[in-house]
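See below for the structure under consideration.
The values are calculated or read from the model by the stated rules, or taken from the named source; none is laboratory data. Only a predicted model underlies this, so the values are computations on that prediction, with no experimental measurement involved. Note that each Cβ is placed from the backbone with ideal geometry, even for glycine, and that neighbours are counted across all protein chains shown.
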Amino acid sequence: MTGEIIAFAEQREGALKKSAREVVTTAAKLGKELGAGVVAVAFAEGAVEGAGGLGRCGATEVLLAQGNGSAACARALADLARERQARAVLLPASAAGKDIAPRVAALLEVPQASDCVRLSAAAGSIEAVRPVYGGKALWTVKSRASCFLATLRPNVFPADESLGAALEPVRLPAPAGTPATLATLKEVLAPQGGRRIEVTEADVIVAGGRGMKGPEHFALLERLAEALGGTVGASRAAVDAGWRPHAEQIGQTGKTVAPTLYVACGISGAIQHLAGMSSSRVIVAINKDPEAPIFKVADYGVVGDVLEVVPALTEEVKKAKAAG
Ligand SMILES: Cc1cc2nc3c(=O)[nH]c(=O)nc-3n(C[C@H](O)[C@H](O)[C@H](O)COP(=O)(O)OP(=O)(O)OC[C@H]3O[C@@H](n4cnc5c(N)ncnc54)[C@H](O)[C@@H]3O)c2cc1C
């Protein structure tokens, strides 16, 4: 078959990432409008748990390919896109997706629509909407290229596992002759303190800023995050102070997140922070300054001391959960 949509299904350590289902579902919805099939591609040496289940998200084919490092994955995706005369190639706007997509763009000589929050097709033409100027404006972009290349903001496009049936993944043969690449992946190091839910994939984020007063108080946020089934994020001030790792930084120079619930604790709401979290569905702000700009984007606000409000909130969440 040709004219399909290729969906990059990101995996880590043999398990699909949440974004894989989001990207495949979005590709399937687009495919329905365009009358195109969806080829889901996961790169892994061994099996990928749940890969066949991508058929339920609408994939018409699930391929397991070999690709050591971003350059090799990009080459394989570009080769597949050429071979299938793909209408579109979609990736998540995750660290891996952001690394691979521009390489695919260069190899296919097509433009890239980055960090899209909407994707649609009308009259056979694909259109994407992406935030610009730190989320202050939205651009609608079209491409005249035959293949539409886009990265999708994680957590924005819902996954739907009712669009098809599970498939048997097919392993692609290793490419003949290994092309020279500048870098290959040697090892994946686990973050200090063990693997946590990544902020870009979390449904609930409890983020702390300078108002937390020190690294020791982030334990309060860990407890609230645990009670809510979420993860901890941080403002740049907290990261620059060495209180939290950079992987948790949210904002213009950190990660862009779109969780269902974002609890901002002791964060003022500088534009560079808002750029990374303003598309969260529900925003709760806890700040002792009633004039803090974060309250302008918050759905719910608590004016008070985080060191008092957060433990009280955690207790209430626990009580509510215990009461069912
Ligand atoms: C190029 C550039 C890129 C940037 N990228 C990012 C980015 O990616 N992410 C990011 O976050 N920032 C980024 N920044 C920095 C940004 O401008 C702000 O400086 C930063 O977001 C401030 O972090 P904060 O809100 O934690 O600290 P502050 O602005 O100092 O705010 C602390 C807040 O805590 C409140 N507070 C204090 N004590 C308490 C208490 N006991 N209880 C309740 N509230 C309390 C205060 O009222 C205040 O509102 C960037 C800046 C530049 C120039």
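A few comments on the model shown:
- The set of residues in region 90-113 that are under 13 Å from ARG75 (Cβ atoms) and β-branched (Val, Ile, Thr) comprises ILE100, VAL104.
- Each residue in region 280-296 was checked for being closer than 20 Å to VAL199 by Cα and in contact with a strand residue (DSSP E or B) (Cβ under 6 Å, 6 or more places away or on another chain), and 7 pass.
- Consider region 247-262 and keep the residues that are of a type in the set (S, T, N, Q) and in contact with a Ser or Thr (Cβ under 9 Å, 6 or more places away or on another chain). The one that is surrounded by the fewest Cβ atoms within 10 Å (Cβ to Cβ) is THR260.
- Note on region 225-262: residues that are within 21 Å of LYS318 (Cβ to Cβ) and away from the ligand (no atom under 14 Å from the Cβ) amount to 10.
- Restricting the first member to region 219-248 and to residues that are among the hydroxyl-bearing types (Ser, Thr, Tyr), and the second to residues that are more than 13 Å from the ligand (Cβ to nearest atom), the beta-carbon pairs closer than 8 Å and six or more apart or on different chains are THR231/ARG196; THR231/ILE197; THR231/GLU198; THR231/ALA202; THR231/VAL204; THR231/VAL206; THR231/ALA225.
- Strands (runs of 3 or more DSSP E) fully within region 68-157 that include at least 2 residues being touching a residue at least 40 places away in the same chain (Cβ under 8 Å): 88-92, 118-122, 125-132, 148-152.
- Comparison of THR151, THR200 shows that the only residue that is within 16 Å of the ligand (Cβ to nearest atom), surrounded by 13 or more Cβ atoms within 10 Å (Cβ to Cβ) and among the polar types (S, T, N, Q) is THR200.
- Among the residues of region 304-324, those that are surrounded by fewer than 17 Cβ atoms within 10 Å (Cβ to Cβ), part of a helix (DSSP H, G or I) and in contact (Cβ under 8 Å) with a residue 12 or more places away in the chain comprise LEU307, PRO311, VAL317, LYS318, LYS321.
For every residue, the table says whether it meets (1) surrounded by 21 or more Cβ atoms within 10 Å (Cβ to Cβ); (2) at pLDDT 95 or above; (3) more than 7 Å from the ligand (Cβ to nearest atom); (4) more than 14 Å from GLY233 (Cβ to Cβ).
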| site | (1), (2), (3), (4) |
| --- | --- |
| ALA264 | yes, yes, yes, no |
| HIS273 | yes, yes, no, no |
| VAL282 | no, yes, yes, yes |
| ASP289 | no, yes, no, yes |
| ASP299 | no, yes, yes, yes |
| VAL302 | no, yes, yes, yes |
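- Residue satisfying condition, being surrounded by fewer than 21 Cβ atoms within 10 Å (Cβ to Cβ), in contact (Cβ under 8 Å) with a residue 12 or more places away in the chain, among the small types (Gly, Ala, Ser) and within 9 Å of the ligand (Cβ to nearest atom), within set SER278, SER268: SER268
- Filtered by the rule that a residue be away from the ligand (no atom under 12 Å from the Cβ) and in a loop (DSSP other than H, G, I, E, B), region 203-214 gives a lone residue, ASP203.
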